[in-house]
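I have placed the structure first, in the form of structure tokens, so that the comments after it can refer back to it.
The values are calculated or read from the model by the stated rules, or taken from the named source; none is laboratory data. Predicted, not measured: the structure shown is a model, and the values here were computed from it. With ideal geometry, Cβ positions are generated from the backbone for all residues, glycine too; neighbour counts draw on all protein chains shown.
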Amino acid sequence: MFRKFFKTVVVNLKEHSKILLVGVLSLGIPLTTVFAGSLEVDVVHSKVEFTVPHMVIASVTGRFDKFEATSKFDEKTGRFNDLVVKIKTDSINTNDEKRNGHLKSPDFFDAEKNPVITFAGSGSVVLKPGVPTKLPGTLTLRGVSKQISLTVTYKGTVKDPSGNLKYVFEANTKINRKDFGIIWNKPLDNGGVLVGEDVKIHIAVEANPMS
């Protein structure tokens, strides 16, 4: 009866040493692998957004339509490192062409002279599903490099309709735009200013294992 379900393999290792290996293939138990390697962002299913105060009590949300990101991730240990994010500055989009043009100008991002915004993570962190974790790194924006921290959350894995496994992450941070030389503003009649200083950044990523 046991032979029907189990397959026993005996292997001689040394003169009088033997080890008993029990095969489980006949039980139909699937063999699984744990991913450890490089990931790259699936741009179609990911986003880089920002929100900035507008006229004191309102806010404006925009996004960057062109970006790329890579990292290393060990699914077994949760070790996450070597994160590099590159964003094309002139892909900024706030759903207003006039405002987009102003943001690309020297008053703000000066996209012609600074075509790429980058974040490079330093060191490594251990990510546990659903637990926000701070990842230090360097943000380079408008030619200025500053140390900041991204709060990264590993959301887990999911298969798309084609059966491809996706690794899902979110990251958030807040910066002061003046720290990066973006100082333009316009006073309002109520004593406030048109554009706030603090900028919230939100990144949502579906990542693929790199081939």
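Only one of the numbered conditions (1) buried (at least 19 other Cβ atoms within 10 Å of the Cβ); (2) more than 19 Å from the chain's Cα centre (by Cα) is violated by VAL152, and that is (2).
Restricting attention to segment 175-196, the residues that are touching a Lys or Arg at 6+ places or on another chain (Cβ under 6 Å) and either closer than 15 Å to ILE57 by Cβ or among the small types (Gly, Ala, Ser) (or both) total 2. For segment 166-182, a tally of residues being touching a residue at least 60 places away in the same chain (Cβ under 8 Å) and over 15 Å from ALA69 (Cβ atoms) returns 2. Residues that are farther than 20 Å from GLU40 by Cα, of a type in the set (Gly, Ala, Ser) and either surrounded by 12 or more Cβ atoms within 10 Å (Cβ to Cβ) or at pLDDT 95 or above (or both) do occur in segment 176-194, at least one of them. Does segment 98-147 hold any residues that are loosely packed, with under 14 Cβ neighbours inside 10 Å, among the polar types (S, T, N, Q), closer than 14 Å to ILE175 by Cα and out of contact with any Pro (no Cβ under 7 Å at 6 or more places or on another chain), and which are they? Listed by number, the residues that qualify are THR138, SER145.
THR77 fails exactly one of the following numbered conditions: (1) under 17 Å from LEU139 (Cα atoms); (2) in a loop (DSSP other than H, G, I, E, B). What is the number of that condition? The single condition THR77 does not satisfy is (1).
Any residue in segment 93-119 that is within 19 Å of ILE183 (Cα to Cα) sitting within a Cβ distance under 6 Å of a residue that is loosely packed, with under 13 Cβ neighbours inside 10 Å? List the pairs, counting only those 6 or more apart or interchain. Listed pairs, sorted by first residue: ASN114/GLY143. Just a yes or no: is a residue in segment 62-70 out of contact with any Ser or Thr (no Cβ under 9 Å at 6 or more places or on another chain), buried (at least 16 other Cβ atoms within 10 Å of the Cβ), among the small types (Gly, Ala, Ser) and farther than 23 Å from ILE182 by Cα? For segment 62-70, residues out of contact with any Ser or Thr (no Cβ under 9 Å at 6 or more places or on another chain), buried (at least 16 other Cβ atoms within 10 Å of the Cβ), among the small types (Gly, Ala, Ser) and farther than 23 Å from ILE182 by Cα: absent.
Can you find a residue in segment 74-83 that is among the acidic types (Asp, Glu), surrounded by 11 or more Cβ atoms within 10 Å (Cβ to Cβ) and at pLDDT 95 or above?
yes
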